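First up is the structure itself, then whatever we jot down about it.
The values are calculated or read from the model by the stated rules, or taken from the named source; none is laboratory data. Quantities reported herein were computed from a predicted structural model and do not represent experimental measurements. No Cβ is skipped: glycine too gets one built from the backbone with ideal geometry, and neighbour counts run over all protein chains shown.
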Amino acid sequence: MAWSTRELAELAGTTLNAVRHYHRVGILDEPDRTSNGYKQYEVRHLTRLILIRRLRDMGVPLDRIEQASCPDSTEAALGAIDAELAENIERLQRSRSEIGAILRGFSNDGA
């Protein structure tokens, strides 16, 4: 089965511009072209694009996606990303606690 760029984007739940951007930054391979110049995406492109989208949705920066999806380094890269996410969650939870304390102070001042 072969898809156009637009069809691939729709199947992966992203935009045509995103697919083009992923080509430019080198994280999505360019597919073969037909004799008339149209790109013909295959299943491997779709699965790669879905992986890219999932990693982006998890907050992985584009410059880390290649490393995070390379079979030789996937576990280490994802472990490092997971540790960064855990640190971010902890920082956000501290911020929420501090904001909660401030809000409680406002409530106590008005009582």
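For the reader, a short list of remarks on this structure follows.
- Taken over region 54-67, residues that are surrounded by fewer than 16 Cβ atoms within 10 Å (Cβ to Cβ) and assigned to a loop (DSSP other than H, G, I, E, B) amount to 3.
- All positions within region 1-14 that are within 20 Å of residue 65 (Cα to Cα), of a type outside the set (Val, Ile, Thr) and part of a loop (DSSP other than H, G, I, E, B): 13
- Listed by first and then second residue, the pairs linking a residue in region 24-36 that is more than 24 Å from residue 66 (Cα to Cα) to a residue that is surrounded by 11 or more Cβ atoms within 10 Å (Cβ to Cβ) and not hydrophobic (A, V, I, L, M, F, W, C), with Cβ atoms under 7 Å apart and 6 or more places separating them unless they lie on different chains, are 34/40.
- Residue in region 39-53 that is in a helix (DSSP H, G or I), outside the structural domain of residue 86 (by TED's automatic domain parsing) and exposed (fewer than 11 other Cβ atoms within 10 Å of the Cβ) present: yes
- Per-region count, region 15-27, residues modelled with pLDDT of 95 or more, in a loop (DSSP other than H, G, I, E, B) and crowded, with 17+ Cβ neighbours inside 10 Å: 0
- Of all residues in region 37-56, those being charged (D, E, K, R) and within 17 Å of residue 67 (Cα to Cα) number 4.
- Taken over region 6-23, residues that are more than 11 Å from residue 49 (Cα to Cα) and touching a residue at least 24 places away in the same chain (Cβ under 8 Å) amount to 1.
- Test for residue 37: is it at pLDDT below 95 and within 20 Å of residue 61 (Cα to Cα): no
- Of the residues in region 62-70, not one is hydroxyl-bearing (Ser, Thr, Tyr), more than 27 Å from residue 2 (Cα to Cα) and at pLDDT below 85.
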